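Chemist: Sharing a structure here in structure tokens format.
The values are calculated or read from the model by the stated rules, or taken from the named source; none is laboratory data. None of these values were measured; they are calculated from a predicted model. Surface areas here come from the heavy atoms of the whole protein model, side chains and all, with no ligands, DNA or RNA. Shrake-Rupley method; radii C 1.70, N 1.55, O 1.52, S 1.80 Å.
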Amino acid sequence: MGVDDKFENKAEDLGGRAKETVGDVTGDDQLKAEGATDQLKAKTKDVGESVKDLGASVKDKFSK
């Protein structure tokens with residue numbers, strides 16, 4: 001996983017947390033749901049990148 005990917009995913013996660021908090025404080029259920037969705041997207045991307053990294057690692061071990 002590249003540093004850029006980690007940074008973008010973390011920024012999306014933090015943005016989602018902020019949206020969710022603002023939605024909770026203001027009673028805006030739609031904004032709160034958007035925030036939760038943004039956090040889920042960021043976590044899904046992190047998992048995908050981790051799987052990709054693991055696959056590359058396994059490939060490297062078998063090609064030696």
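Chemist: Could you work out the relative contact order of the chain? I mean the mean sequence separation of Cα pairs under 8 Å and 6+ apart, divided by the number of residues, in percent. List each step's numbers first, then the result.
Modeler: Working: 53 pairs, mean separation 22.2, N = 64.
Relative contact order comes out at 35 percent.
Chemist: Please find, in a Gaussian network model of the chain (springs between Cα atoms separated by less than 10 Å), the residue of GLY16, GLY35, GLY27 whose mean-square fluctuation is greatest.
Modeler: Most flexible of the set in this elastic network: GLY27.
Chemist: Most mobile of LEU54, LEU31, LEU14 per a Gaussian network model of the chain (Cα springs, under 10 Å)?
Modeler: Of the options given, LEU54 has the highest mean-square fluctuation.
Chemist: Keeping all protein chains in place, calculate the accessible area per residue for the chain (probe 1.4 angstrom), answer in Å².
Modeler: On the way: 4870 Å² over 64 residues.
Dividing the accessible area of the chain by its residue count gives 76 Å².
Chemist: What is the ratio of the Cα radius of gyration of the chain to 2.2 N^0.38 Å, where N is its residue count, to two decimals? Display every interim value, and only then the final one.
Modeler: On the way: Rg = 16.1 Å, N = 64, 2.2 N^0.38 = 10.7 Å.
The chain yields a ratio of 1.50.
Chemist: Please determine, in degrees from 0 to 90 and to the nearest 10, the orientation of helix 29-62 with respect to the longest principal axis defined by the Cα atoms of the chain, where the helix direction is its Cα long axis.
Modeler: 10 degrees
Chemist: While we're on this one: Percent of accessible area on the chain owned by carbon and sulfur, 1.4 Å probe?
Modeler: Numbers: 2880 of 4870 Å².
Whole-percent figure for carbon plus sulfur exposure: 59.
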